[in-house]
Amino acid sequence: MSRWNPNARDRLEQAAFELYSERGFEQTTVADIASRAGLTERTFFRHFADKREVLFGGVGALQELLVNKVAEVLDSLSPLHAVANALEAANFFVPERRDYARARWRIIAANAELQERELIKFAWLSAALAEVMRGRGVPDTAAALSADAGMAVFKVAFERWVDPTNQQDFPQLVQGKRTN
């Protein structure tokens, strides 16, 4: 194998998704993923801490996006409305990413360990949102409740967004405008 591998991360993600879908998460090893991608295990570990991180690697970027959006509008909106506004503006959930998100969700839904990791992700996002609000002078209880409520809305909207029968955009689902 060559020393330099263009698009290694993307190739590893694609290989992992294929294998998780074919075999299941538990039956897929890092060696399997690296082999399918035409790379080494060492290369895998340069990009991901473990095989779960293939599915959760984007949480940092999502957290940064949501925290920045809340911070931008918090002075002009209530804490709860600031979180809702951030969720609506999250351009993470665009139609072009829906197939990827659906495949990811199917893999997570089939595995209890991954479902637990997904809940941990929501807790991290909630904690980060509450922290930015507290830093901007929102009382602790209001910050925590607004962040937790926002993550509950996020979870429901996301699950509806990845539902194969849904054709609505993520912001519509955040607003509760489900028409199908």
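Working note: Karplus 6.51/-1.76/1.60 with θ = phi - 60° gives the range 90-97 the couplings 5, 7, 5, 10, 9, x, 5, 9 Hz, where Gly and Pro are set to x. Note on residue 91 and residue 142: their simple-model spin labels are 3.1 nm apart, each label 7 Å out from Cα toward Cβ. In sequence order, the range 119-124 has phi-based couplings of 5, 4, 4, 4, 5, 4 Hz under the Karplus curve 6.51 cos²θ - 1.76 cosθ + 1.60, θ = phi - 60°, and Gly or Pro positions carry x. Take the Cβ atoms of residue 100 and residue 72, set R0 to 25 Å, and the FRET efficiency comes out at 0.40. Largest first, the extents of the alpha carbon coordinates of the range 1-157 on the three principal axes equal 54, 32, 27 Å. Straightening the chain between residue 175 and residue 120 buys 17.4 nm, computed as 0.36 nm per residue apart minus the Cα-Cα spacing.
Dipole magnitude for the range 58-174: about 200 debye, using +1 per Lys or Arg Cβ and -1 per Asp or Glu Cβ, origin at the Cα centre. Placing dummy labels 7 Å off each Cα toward the beta-carbon, the span from residue 10 to residue 80 is 4.3 nm. Applying 0.36 nm per residue to the separation of residue 149 and residue 65 and subtracting their alpha-carbon distance, the gain on full extension is 28.5 nm. Its relative contact order, with pairs defined as Cα atoms under 8 Å and 6+ residues apart, puts the range 8-51 at 42 percent.
Every number in this text was worked out from the coordinates using simple rules, so none of it is lab data. Since the structure is predicted, the reported quantities are computational estimates derived from the model, not experimental observations. Cβ: placed from backbone, ideal geometry, glycine included. Neighbour counts: every protein chain shown.
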